[in-house]
Amino acid sequence: MNIPDRAPGQVRIGIAVAVPEPYAAQLAAARSAVGDPLADLIPPHITLLGPTVIDQPDLDKVRAHLDQVAASVGPFEVHLRGTATFRPVSPVVFVALAQGIAECEMIESRVRTGMLAQDLRFNYHPHVTIAHEVPNDRLDKAYEALRDFEARFEVASFWQYEHGDDGVWRPQREFGLRR
């Protein structure tokens, strides 16, 4: 995982749609079963903004921006179905979105403006990672284990997470979508 360095007085954040229970536990268990060292550090999610460093005093402005983004989008359904991979470009296996792609893309593009504007290493592709940077045989195992996985849930919010010094991503603030 590409984690940017941060200096004193800065915070490392990420913005994501949380995968609800019981699916989160199932996906976390699958990630753990293949020995992914990040399984206990990163809750199952759909990334909207990857790891980003901001100055602590700017956090209120970032949250105001995220409030505006959330107010501009209504709730939508996500349908997770089956597995896919970014190999050979990146050693990642993920559960794919069959529905909710356009909505995630729209939110991501709105989040990644203003203070949070940044270039991406790869084109945005909403997904839920289930194996990352593990040996190929474990990537294959993750791919096969969840190839028939299916889940549907309503997305009514997204979260701002903070990356702790212990490597754990923790939810900090929920942003409810327009009702």
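The values are calculated or read from the model by the stated rules, or taken from the named source; none is laboratory data. Here the structure is a predicted model, which is why all the values come from computation and not from measurement. A quick note on method: Cβ atoms are made from the backbone with ideal geometry, for glycine too, and the neighbour counts reach across all protein chains shown.
Could you list, ordered by first residue, the pairs with Cβ atoms under 7 Å in which the first is in the range 23-34 and at pLDDT 95 or above and the second is among the β-branched types (Val, Ile, Thr), at least 6 apart or interchain?
Close Cβ pairs (under 7 Å, with a partner that is among the β-branched types (Val, Ile, Thr)) amount to 27/19; 27/95; 27/128; 27/130; 30/130; 31/130; 34/134.
Say we look at the range 35-57 and pick out the residues that are among the charged types (D, E, K, R) and surrounded by 13 or more Cβ atoms within 10 Å (Cβ to Cβ); which of these is farthest from the chain's Cα centre (by Cα)?
Looking at the filtered set, the residue picked out is 55.
Give the residue, chosen from 156, 145, that is of a type in the set (A, V, I, L, M, F, W, C), touching a residue at least 60 places away in the same chain (Cβ under 8 Å) and over 23 Å from residue 41 (Cα atoms).
The conditions single out 156.
Please go through the range 26-51 and give me each residue that is within 24 Å of residue 101 (Cβ to Cβ), of a type in the set (A, V, I, L, M, F, W, C) and outside any loop (DSSP other than H, G, I, E, B), ordered by number.
Correct list: 27, 28, 30, 46, 48, 49.
Quick one: count up the residues across the range 108-142 that are among the small types (Gly, Ala, Ser) and either in contact with a Gly (Cβ under 7 Å, 6 or more places away or on another chain) or farther than 17 Å from residue 70 by Cα (or both).
Within the range 108-142, residues that are among the small types (Gly, Ala, Ser) and either in contact with a Gly (Cβ under 7 Å, 6 or more places away or on another chain) or farther than 17 Å from residue 70 by Cα (or both) number 2.
Results for (1) surrounded by 14 or more Cβ atoms within 10 Å (Cβ to Cβ); (2) out of contact with any Lys or Arg (no Cβ under 9 Å at 6 or more places or on another chain), shown as yes or no for each residue.
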| residue | (1), (2) |
| --- | --- |
| 99 | no, no |
| 120 | no, no |
| 127 | yes, yes |
| 154 | no, yes |
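Pull up the range 58-83, narrow it to residues that are over 18 Å from residue 113 (Cβ atoms) and of a type in the set (Gly, Ala, Ser), then point me to the one that is surrounded by the fewest Cβ atoms within 10 Å (Cβ to Cβ).
This residue is 74.
Looking at the range 96-124, I want the residues that are under 23 Å from residue 44 (Cβ atoms) and at pLDDT 95 or above and have a partner that is among the basic types (Lys, Arg) and surrounded by 15 or more Cβ atoms within 10 Å (Cβ to Cβ) with Cβ atoms under 8 Å, at least 6 apart or on another chain. Which pairs are those?
Correct list of pairs: 96/81; 97/81; 98/81.
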